[in-house]
Amino acid sequence: MYNFKTIGEIDLTGKRVLVRADLNVPMKDGRVADMTRINRLMPTLRDLIANRARVIIMSHFGRPEGKYLPEMTLRPVAKVLSQALGYDVSFAGDCIGEVAVKAVARLQPGNILLLENLRYHAGEENNDPEFVKKLAALSDVYVNDGFSVAHRSHASTVGIAHILPAFAGRQMQAELEALGAVLDNPM
């Protein structure tokens, strides 16, 4: 059996919870063309809302290589998340700095905020310690629910887990349990 902490093991009431998701979804004509990654995130978001956490979602989108490219904004994804949840998801025009800090400060327990594309900053892919500190300053707890990006040694997957208390979201938990079962009982 492999040990990892899950969101079911901590009282998240009122805590700022930074969730690493994979919202690098396919888009067509400015609309999400495949809801799979969004749907897989729903159980974690619903649990966090039910536990009155202040939820801050971070993700990358495309490969902007540290530059702001309007076609790689996560803004349309915030609208789709709102529709999928039936719950308002706010959007911050940056993932660090004053814009993000102010957006997080407005969150009430049970609210959700989506931060702008992590890869607009080179520090994300470089796992830059200063970028990691700025992300960590937004939150009390880190939840990784981006199984498909967990293998990357980026600020939002590795660096932050060394600073904040880290937990697996529901998708990550399911994937790790499935892997554990296979590894514990090989054919």
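Please treat every number below as a calculation from the coordinates, not as lab data. Since this is a predicted model, take the numbers as computed values, not measurements. Quick reminder, even Gly has a Cβ in these numbers, built from the backbone with ideal geometry, and neighbours come from all protein chains shown.
Some values worked out for this structure:
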read-out: Beta bridge orientation in the chain: antiparallel %, DSSP, nearest 5; value: 10 percent
read-out: Packing-based order for 54-61, 160-167, using average beta carbon neighbours within 10 Å, highest first; value: 54-61, 160-167
read-out: Within-14-Å neighbourhood charge of Lys67 [Cβ basis; K, R +1; D, E -1]; value: -4
read-out: Three-way shape label, region 87-143, alpha-carbon gyration tensor, a/c 1.5; value: prolate
read-out: C-alpha long axis of helix 75-85 to longest principal axis of the chain, angle in °; value: 50 degrees
read-out: Overall form of region 46-113 per C-alpha gyration tensor (a/c, 1.5; a/b vs b/c); value: oblate
read-out: The chain: angle of helix 170-184 to the longest principal axis, Cα-based, in degrees nearest 10; value: 30 degrees
read-out: Distance in nm between pseudo-label sites at Leu85 and Arg52 (7 Å out along the Cβ direction from Cα); value: 1.7 nm
read-out: Label point 7 Å beyond Cα of Asp140 along Cβ direction - residues of region 87-126 with amide nitrogen under 19 Å; value: 101-114
read-out: Reachable aspartates and glutamates, given that their alpha-carbon falls under 13 Å from the alpha-carbon of Lys67 and they are not under 8 places away in the same chain; value: Asp94, Glu116, Glu124, Glu125
read-out: Tail weight of P(r) past 25 Å, computed on alpha-carbon pairs of the chain, percent; value: 29 percent
